[in-house]
Amino acid sequence: MCYCLPGWMGTRCNDVRKSVPNQEIYSHKKALNSRALKACPDGVNPCLNDGSCFIFNGNQLMCACEEDYTGDLCEIQS
């Protein structure tokens with residue numbers, strides 16, 4: 001069994017979570033380094049409810065949601 005770093009899931013931690021709480025990303029900034037995860041360009045942010053947009057694998061978007069939100073675009077209030 002693997003202990004996955006923030007942003008990853010699965011039995012081998014090779015599946016990317018589409019929605020990750022902001023505190024997970026910022027508290028593990030070294031694990032999700034600038035080569036693996038980059039902020040979206042200015043003007044590009046499909047994330048709702050103050051979520052932060054990141055790019056991984058060169059062209060895939062991921063939202064980092066505020067504590068009270070979840071979902072691919074941080075659209076679900078928890």
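The values are calculated or read from the model by the stated rules, or taken from the named source; none is laboratory data. This is a predicted model, so every value here is computed, not measured. Cβ coordinates were reconstructed from backbone atoms using ideal geometry, including for glycine residues, and neighbour counts include every protein chain displayed.
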Kindly establish whether P21 is touching a His at 6+ places or on another chain (Cβ under 8 Å), at pLDDT below 85 and of a type outside the set (S, T, N, Q). no
Among (1) assigned to a loop (DSSP other than H, G, I, E, B); (2) within 12 Å of the chain's Cα centre (by Cα); (3) modelled with pLDDT under 70, which single condition is C47 missing? (3)
